[in-house]
1. Name the residue that is nearest to VAL185 (Cα to Cα), counting only residues in segment 351-408 that are of a type in the set (S, T, N, Q) and assigned to a helix (DSSP H, G or I).
2. Being closer than 25 Å to SER376 by Cα and either of a type in the set (A, V, I, L, M) or over 19 Å from the mean Cα position of the chain (by Cα) (or both) is true for just one of VAL210, VAL228. Which residue is that?
3. Can you go through SER215, SER119 and tell me which one is polar (S, T, N, Q) and in contact with a helix residue (DSSP H, G or I) (Cβ under 8 Å, 6 or more places away or on another chain)?
4. Take the residues of segment 149-186 that are among the β-branched types (Val, Ile, Thr) and more than 14 Å from ligand 2 (Cβ to nearest atom): which is farthest from LYS401 (Cα to Cα)?
5. Buried (at least 16 other Cβ atoms within 10 Å of the Cβ), of a type in the set (Asp, Glu), more than 30 Å from GLN60 (Cα to Cα) and at pLDDT below 95: which single residue out of ASP304, ASP313 fits that description?
6. Give me the residue from segment 169-199 that is modelled with pLDDT of 95 or more and within 16 Å of GLU217 (Cα to Cα) and, out of that set, nearest to ligand 3 (Cβ to nearest atom).
7. Please state which of the following conditions LEU239 fails to meet, knowing it meets all the rest: (1) under 27 Å from PRO183 (Cβ atoms); (2) modelled with pLDDT under 95; (3) touching a Pro at 6+ places or on another chain (Cβ under 8 Å).
8. I'd like to verify a number: residues in segment 1-40 that are of a type outside the set (D, E, K, R), farther than 16 Å from ALA84 by Cβ, within 16 Å of ligand 3 (Cβ to nearest atom) and not in a helix (DSSP H, G or I), how many?
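The values are calculated or read from the model by the stated rules, or taken from the named source; none is laboratory data. Keep in mind that what you see is a predicted model, and the values were worked out from it rather than measured. Heads up, the Cβs are rebuilt from the backbone with ideal geometry, glycines too, and the neighbour counts pull from every protein chain shown.
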Amino acid sequence: MALIVQKYGGTSVGDIKRIENVAEMVQAAHDAGNQIVVVVSAMSGETNRLIDLAKQISEQPEPREYDVLVSTGEQVTIALLSMALNRRGCPARSYTGSQVHILTDSAHTKARILDIDESRIREDLKKGRVVVVAGFQGRDEHGNITTLGRGGSDTTAVALAAALKADECQIYTDVDGVYTTDPRVVSNARRLDRITFEEMLEMASLGSKVLQIRSVEFAGKYNVPLRVLSSFEPGGGTLITYEDENMEQPVISGIAFNRDEAKLTILGVPDQPGVAFNILGPIGQANIEVDMIIQNVAQDATTDFTFTVHRNDYEKARTVLEKTAKELGAREVKGDKSIVKISVVGVGMRSHAGVASTMFEALARENINIQMISTSEIKISVVVDEKYLELGVRTLHDAFKLEQASAA
Ligand code: ADP
Ligand code: ASP
Ligand code: MG
C-alpha cells in the first residue's frame, strides 16, 4: 500500500464534468489499495476573476483581505470533489489549509509554509477516507488566512507529501509532463521522461510555470519523488530526479521564457564608487526585486546602468528611479515594458563550451537583437523585444535540436 499525494490544477477541475473525471481517477487509485491525499486548485479562471473583483475596489487592496478573497476559489473545488467522491461510494472529506494546520509566515500573497500538523489527515487516512485539501492557502500564527503566490497549489501538494513522507507526489495538469519548452509555443517540443531538480528549478525560476518554483525547492530539499502528469490522458509523465553521475547529460535540456519582464535604464550617471548601491538601494527599499543588471564601462566619467524588474513593478520602479536620477544628477531615465527573457538551461552546459555562441548565432540569423545577457553555470538568458518571443524560442529549440531524443 502506498501513500500518494495527487494535485489537480485549475483546468483539470474547470467544470463539473472534469471534477467527475478527477473523482474517477482518485477513486481508481484509492480502490487499488493506496492511501490518497488530493490537493486541488480553484476552477480555471476563478482566481483571476477574484483578483479582478478586488482591483475594481482598490488598485492596492490590503494584503490580508486579498488573501481572504482569493483563497475562496479552492474552497469551492474541495467541497465539489468530495461530494463527487462520496456519491461514488468513495469516502472523502474536504479541508481548508487552515483546518489541516498548514502554518505559514505572515507574508500575505506570497507566504511560505513553515509547518504542517498532519495528524488529522492521518486519522482520516486510517479510516479509509480520501483527504481533499485546498491548495494555495494556509494560516499564520495569528490565525489569519494566507496564500502562497500564483501556482501555489503545487507547493501545498509537495509540502503535504513531505510532511506525510508520501511515496510519490503526482502533479496532474493539462499537459502530459515537462517538455523541452512550453508545448503551446513550440509544437514539436519533446516531453522529457526525467529532468533533474536543478534544471527544473532553473526552468521554473526562468518562467516555466508548469511547476511553482517553491514546490521544486521543497521537493529537492525533502527528497519528495515528484512527477508531472496529465489529468486527461494516461502516461508516465515526467519524473523530477537527482542528477545521476552515470547518466550522459544533454548539454541543453530545455528553454524557458518569461513575459513578465520590464527594463529600466538610467543614463549619464556620474561614475563613482557606490553608484550601484545608490541606484538599487532605493529600489530594494521599495520592495522591488531586481533580476538582470548591466553597468556599462564609463567613457566620460559617467555611466549607464540598466536593470530588469517584474512588469507589475515597472511604474513603481520608474518613479523611484526618477527621484534617484535627480539626486545623482543623471541625464535621463528610460524604460521599456515590451521585453521578454529567453533562457536555455542544461546541467550538461558545465562541461561543454560553445553554447553561448550557438545561441547568439541562431538569434543573429533571425535578426533578433539581444538587449541584455546573463549567464550562470547551467543557463544563459537573453532579453529581447517581446515581438520576437515565439520566433526566438522556436529558433533556439531548433538550433539545439531539442526535438530529438538524443540531443547532446
Ligand atoms: P495547472 O492549472 O494544472 O497548475 P499551469 O497552467 O499552472 O497548470 O501549468 C501547466 C502549463 O504550463 C501548460 O499548459 C503549459 O502551457 C505551461 N508550460 C510552460 N512551460 C512548460 C514546459 N516546459 N513543459 C510543460 N508545460 C509548460
Ligand atoms: N488558484 C491559484 C492560482 O491560480 C493557485 C494554483 O492554481 O496553484 O494561482
Ligand atoms: Mg499551476
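1. THR395
2. Details: VAL228 fails: closer than 25 Å to SER376 by Cα.
The conditions single out VAL210.
3. On the way: SER119 fails: in contact with a helix residue (DSSP H, G or I) (Cβ under 8 Å, 6 or more places away or on another chain).
Testing whether each residue is polar (S, T, N, Q) and in contact with a helix residue (DSSP H, G or I) (Cβ under 8 Å, 6 or more places away or on another chain) leaves just SER215.
4. Pass one, segment 149-186, residues among the β-branched types (Val, Ile, Thr): 155-156, 158, 171, 173, 175, 178, 180-181, 185-186.
If we keep only those that are more than 14 Å from ligand 2 (Cβ to nearest atom) as well, we get 175, 178, 180-181, 185-186.
Values: VAL175: 21, VAL178: 17, THR180: 10, THR181: 12, VAL185: 16, VAL186: 12 Å.
So the residue we want is VAL175.
5. Details: ASP313 fails: more than 30 Å from GLN60 (Cα to Cα).
Going through ASP304, ASP313 in turn, just one is buried (at least 16 other Cβ atoms within 10 Å of the Cβ), of a type in the set (Asp, Glu), more than 30 Å from GLN60 (Cα to Cα) and at pLDDT below 95: ASP304.
6. ILE171
7. The number of the failed condition is (2).
8. Applying the first criterion (of a type outside the set (D, E, K, R)) to segment 1-40 yields 1-6, 8-14, 16, 19, 21-23, 25-30, 32-40.
Of the ones still in play, those that are also farther than 16 Å from ALA84 by Cβ are 1-5, 9-11, 32-35, 37.
When the remaining residues are screened for being within 16 Å of ligand 3 (Cβ to nearest atom), the result is 5, 9-11.
Filter once more, so that each one left must be not in a helix (DSSP H, G or I): 5, 9-10.
So the answer is 3.
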